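The values are calculated or read from the model by the stated rules, or taken from the named source; none is laboratory data. None of the values given here were measured: they were computed from a predicted structure. Because the Cβ atoms are built from the backbone with ideal geometry, glycine has one as well, and the counts that use them run over all protein chains shown. These area figures cover heavy atoms from the full protein model, side chains too; ligands, DNA and RNA do not enter into them. Shrake-Rupley method; radii C 1.70, N 1.55, O 1.52, S 1.80 Å.
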Amino acid sequence: KLLLLSTHYMHFFIEHNRGHHANVATEDDPASAARGETVYGFWFKSVIGGWMSAWRLEARRLDRRGVSRFSWQNEMIRFQVIEVGSLALAALVFGPLAAAAWLAAGLMGALLLENINYIEHYGLRRERRDDGRWERVRPVHSWNSNHPLSRILLFELTRHSDHHANPSRHFSVLRHFEQAPLLPTGYSGMLLLAMVPPLFKKLMHPRIDAWQARTLQEAA
């Protein structure tokens, strides 16, 4: 939570663990990019949608416990007070320019995080079952990358398929799945490609089509 405070993105603690992991690769998840969506449009959807989702998740948690949504037990209220208070303290101690610089740096960090969200599930979707529930999360619902440099720099985050299929598995022992859809480059390359939507789509859409064809073949 303290690390997320450095980017003024503390709500991510709630949304990622209780929202994204439950709704990943569905239309219910603002952090799962749809096919054809650009990273620039995704920024707004994921940042705003994730923040609103965190409020809803906390409200439901407190409702189940019979606690007021407006109490100090609402972690989202605490997060907002901490974030605004920290900026005010920075402005008081170091000056308004320093606080503005910290806010700008936090925005850059948050958008970098959202860029990673964008490439990790782009165009992948879970099927809805006959009972109305989404199918269980499998390795095929996250893009995987086994490039050594990205693995080292990001503590195996690039083995994202295993992270979602087995969220309790420690990052240091995440596994690579050959049957999972594979990114054409490591995360550094993909982050740059995402900034050029026509090139990104040209590389990714054939891979999505191949993944869908293989999924249909396996189901048959």
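Data overview
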quantity	calculated
Options SER172, SER161: the member that is farther than 17 Å from VAL39 by Cβ, small (Gly, Ala, Ser) and either at pLDDT 95 or above or under 18 Å from the mean Cα position of the chain (by Cα) (or both)	SER161
Those residues of the range 197-209 which are without any contact (Cβ under 8 Å) to a residue 24 or more places away in the chain and open to solvent by less than 60 Å² (accessible area, probe 1.4 Å), in sequence order	LEU203
Exclusive hit being open to solvent by 80 Å² or more (accessible area, probe 1.4 Å) and either at positive phi or of a type in the set (D, E, K, R) (or both), set ARG78, ARG61, ARG65, ARG125	ARG65
Hey, ALA99 farther than 30 Å from LYS201 by Cα, crowded, with 18+ Cβ neighbours inside 10 Å and out of contact with any Phe, Trp or Tyr (no Cβ under 9 Å at 6 or more places or on another chain) or not	yes
Answer from ALA210, ALA180 - the residue that is of a type in the set (A, V, I, L, M, F, W, C), at pLDDT below 95 and over 21 Å from GLU37 (Cα atoms)	ALA180
Count of residues meeting criterion [under 12 Å from the mean Cα position of the chain (by Cα), open to solvent by less than 40 Å² (accessible area, probe 1.4 Å) and either of a type outside the set (Gly, Ala, Ser) or more than 20 Å from MET108 (Cα to Cα) (or both)] in the range 31-58	1
Of residues in the range 148-166 being polar (S, T, N, Q) and either open to solvent by less than 20 Å² (accessible area, probe 1.4 Å) or in contact (Cβ under 8 Å) with a residue 40 or more places away in the chain (or both), the one farthest from GLU178 (Cα to Cα)	SER150
Positions within the range 1-30 being more than 15 Å from GLN80 (Cα to Cα) and open to solvent by less than 10 Å² (accessible area, probe 1.4 Å), in sequence order	GLY19, HIS20, VAL24, ALA25, THR26, ASP29
Unmet criterion (only one of (1) touching a Leu at 6+ places or on another chain (Cβ under 9 Å); (2) charged (D, E, K, R); (3) open to solvent by less than 60 Å² (accessible area, probe 1.4 Å); (4) assigned to a loop (DSSP other than H, G, I, E, B)) for GLU83	(4)
Number of positions in the range 132-147 that are at pLDDT 90 or above and more than 16 Å from HIS176 (Cβ to Cβ)	5
Exclusive hit being surrounded by 12 or more Cβ atoms within 10 Å (Cβ to Cβ), of a type outside the set (Val, Ile, Thr), within 19 Å of LEU216 (Cβ to Cβ) and touching a residue at least 40 places away in the same chain (Cβ under 8 Å), set ALA194, ALA180	ALA180
Whichever residue in the range 129-147 is at negative phi and free of Cβ contacts under 8 Å to residues at least 24 places away in the same chain and, among such residues, is surrounded by the most Cβ atoms within 10 Å (Cβ to Cβ)	GLU135
Candidates SER161, SER172, SER168, filtered to the one that is farther than 16 Å from ASN115 by Cα, assigned to a loop (DSSP other than H, G, I, E, B) and hydroxyl-bearing (Ser, Thr, Tyr)	SER168
